[in-house]
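First up is the structure itself, then whatever we jot down about it.
The values are calculated or read from the model by the stated rules, or taken from the named source; none is laboratory data. Note that the structure is predicted; figures quoted are calculated from it, not measured. Here the Cβ positions follow ideal geometry from the backbone for every residue, glycine too, while neighbour counts run over all protein chains shown.
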Amino acid sequence: MKLTFGQLETTLANHLHIHPDKVPTLRSRIKQLQRLQFPPGVNVGRGAKMEYSGEHLFMLVSAFELIGFGLPAQAACNLVNTHWNVLAGGYGLAALQARRPSEDEAQHVLAVLWVRSLHDIQFNPSWGDVEASSLKVADERAAIRELKSYKFDTNNTRLILSVGKVLERILNIAKERAGVDGASIYDDEFHGWLPQGEETGFDFADYYPDRSNLKMRTRLQQFYGSDPNSLTPEGAEEARAFVENDYSWIPF
């Protein structure tokens, strides 16, 4: 996906429900983030034209979602930068989830974020490394585990971002209102965001959206028993066919 700054601004303004009279203020805030070197690679200097990618767009969307929740701009940018691999994987998986046949009830994709905003004054260095934040992408059934009482014994707060709904809304606005031709769940850019191998930042109790990732499917099968095909020749054939069909679901 490729966007001009005008298309980027229009997409963000519509997504964030910015009043038409306040669009210049939003523009100033986008520029403020650019001065913070966010997203990486877009601070090209005054007067230079910049072509934005889908990654730039969704990094900005994610940061503004966190800013809208009340986090300072620098903190929001740092969080998105720190966890972008997992967050991008969530958007990529949400795109694959949206490709499932309409009669197939797909689980919604969520990002669950833990933030210790007082991290710098909370922990003694002698205790070892204590993460200032962490992020996990999960479907609805798996996310319920994160809301169990024992999960709040030491980390009392969770921020939940609906990456599936954000993806759906952003692509619709980009295409219908900003005129971005490549705004689609079938954009190849999403393929490069997908998790590789077996990664712990993703938790799906239902079928894992990327049917080509047998390592992840096997790992989740061990936890939930929801994908016994991952261990069979049929599963390997499904993975091959999934890629050949442009990362789209085929009934098996």
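Quick notes on this structure:
- Residue selected from segment 123-157 under the condition of a type in the set (D, E, K, R), in a loop (DSSP other than H, G, I, E, B) and closer than 22 Å to Gly90 by Cβ, by the criterion modelled with the lowest pLDDT: Glu131
- Matching residues in segment 169-227 - criterion: being without any contact (Cβ under 8 Å) to a residue 24 or more places away in the chain, touching a Lys or Arg at 6+ places or on another chain (Cβ under 7 Å) and within 14 Å of Val86 (Cα to Cα): Gly197, Glu198
- Among (1) out of contact with any Ser or Thr (no Cβ under 9 Å at 6 or more places or on another chain); (2) in a helix (DSSP H, G or I), the one test that Ser184 misses: (2)
- The residue that is farthest from the chain's Cα centre (by Cα), among those in segment 87-116 that are among the aliphatic types (A, V, I, L, M) and under 25 Å from Glu244 (Cα atoms), is Ala106.
- For segment 1-110, the helices (runs of 4 or more DSSP H) that sit wholly inside it and include 2 or more residues that are over 25 Å from Ala205 (Cα atoms) and either in contact with a Ser or Thr (Cβ under 9 Å, 6 or more places away or on another chain) or touching a residue at least 24 places away in the same chain (Cβ under 8 Å) (or both) are 5-15, 23-35, 54-69, 73-82.
- Screening Asp120 on (1) surrounded by fewer than 21 Cβ atoms within 10 Å (Cβ to Cβ); (2) within 26 Å of Leu220 (Cβ to Cβ); (3) modelled with pLDDT under 95 shows it passes everything except condition (2).
- The residue that is farthest from Gly92 (Cα to Cα), among those in segment 204-252 that are at pLDDT below 95, of a type in the set (A, V, I, L, M, F, W, C) and in a loop (DSSP other than H, G, I, E, B), is Phe252.
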